[in-house]
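The values are calculated or read from the model by the stated rules, or taken from the named source; none is laboratory data. Note that the structure is a prediction, hence the values are computed from the model and not measured. Backbone-built Cβ (ideal geometry, glycine too); neighbour counts: all protein chains shown. Areas reflect the complete protein model, heavy atoms only, side chains present, ligands, DNA and RNA absent. Shrake-Rupley method; radii C 1.70, N 1.55, O 1.52, S 1.80 Å.
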Amino acid sequence: MSAATETATAAASGASATERFKTDKLVGVENTPKERVDLLAREVLDAVYATIRKHEVTYDEFNALKAWLISVGQDGEWPLFLDVWVEHVVEEVANADREGSKGTIEGPYYVPGAPELGAEATMPMREDEQGTPLLFQGQVTNVAGNPVPNAKVELWHADEAGFYSQFAPGIPEWNLRGTIIADDEGRYRINTMQPAPYQIPTDGSCGKLISAAGWHAWRPAHLHLKVSAPEHQLITTQLYFPGDPHNDDDIASAVKPELLLDIQPAESGNGNQTTYDFVLDPA
Ligand code: MBD
Ligand code: FE
């Protein structure tokens, strides 16, 4: 099968996400204080015991759980599972004290080191990239309202078919991934292609849980961003499109009202445009 006709599979995208995690974020449990491991493991297990007693969980259900947990690992879908169903609360706790722009979850598909682009730029994309052109512009300031010169705006998102480069076959390596360096007033103007609503892979273990529970697999269309500058706290966030049917029932629970874009027809006549400003907290 050629790369272009190869189909995306949960196991392949899971394997890529697992490798990515091991490369960028691996923190050994041996580096977590014993008191915290003891406390957290005990309380999570207590919650499991309480659930088993309350609902009189059977051996068949226990074995179905075991089989499913084994398959999550085999499919490489632990990053996907944890980012979809757990990360939103970790993010809420981590960023509770911020005054600046709202963050939300990173998800499993960030790759550091995307090509550097100027303050006015077009995202890396295929010549025949499908979708609605989107001009995304704005300014980075600090909490006092002053511009943050040369802030770094990392943007990554899915294509119109809902696939991310490096996690689905047949897409150029850095497609729809860029590192924009804002100008000396913190401003940026980026041309990209609007992403589509996104369904998490349904043919793997996470998909199995979703169908077994009668849930749906959708995330609303979204842009992922990391905005950073020296002496400021990095913000990881996502932005959403008004009217998306899944803004109210995102499977990853990552939508916040502050993260909805104001989408307008582009002044150029070609597609849409939107302005979104970021406010960074001091480090
Ligand atoms: C995504 O694109 C995503 O953003 C999250 C959080 C989980 C799965 C896929
Ligand atoms: Fe995403």
The size of the Cβ-based charge dipole (Lys, Arg +1; Asp, Glu -1) of the chain about the Cα centre, to the nearest 20 debye, is 480
Accessible area per residue, Å², segment 59-109 with all protein chains present, probe 1.4 Å: 59
Which of Asp184, Asp128, Asp248 fluctuates most in a GNM of the chain (C-alpha springs under 10 Å)? That residue is Asp128
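Which three semi-axes in whole Å describe the equivalent ellipsoid of segment 38-82, each the square root of 5 times a Cα gyration tensor eigenvalue, listed largest first?
Gyration-tensor ellipsoid for segment 38-82: 21, 17, 7 Å.
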Taking all protein chains in place and a 1.4 Å probe, what share, in percent, of the accessible surface of the chain do carbon and sulfur account for? 54
Take each of the peptides 131-139, 211-219, 54-62, 175-183, average the number of other beta-carbon atoms within 10 Å over its residues, and list them starting from the highest. 175-183, 131-139, 211-219, 54-62
Need one number: convex hull volume per residue for the chain, Cα atoms only, in Å³. 158
Hey, in the GNM for the chain with a 10 angstrom Cα cutoff, which one of Gly269, Gly207, Gly28 fluctuates hardest? Gly28
In a GNM of the chain with a 10 Å cut-off on Cα contacts, which of Glu77, Glu87, Glu43 has the highest mean-square fluctuation? Glu43
Against the rule of thumb 2.2 N^0.38 Å, how large the Cα Rg of segment 133-211 comes out: 1.44
Amide H neighbours of Val143 under 5 Å, at least 5 residues apart or on other chains, H built in the peptide plane: list them. Leu280
Once whole DSSP H runs in the chain are found, which of them have Cα atoms spread over 30 Å or more along the helix axis and a mean Kyte-Doolittle score of at least -0.5? 34-55
Provide the percentage of antiparallel DSSP beta bridges, counting only those with both residues in the chain; round to the nearest 5. 70
Among Ile70, Ile190, what's the order by accessible area (1.4 angstrom probe), most exposed first? Ile70, Ile190
Cα principal axis extents for segment 1-74, largest first, Å: 51, 36, 12
Bounding extents of segment 221-283 in its principal axis frame from Cα atoms, largest first in Å, are 38, 34, 15
Once Rh is set to the Kirkwood radius over Cα pairs, what Stokes-Einstein translational diffusion coefficient, in µm²/s, holds for segment 1-139 at a temperature of 20 °C and a viscosity of 1.002 mPa s? 109
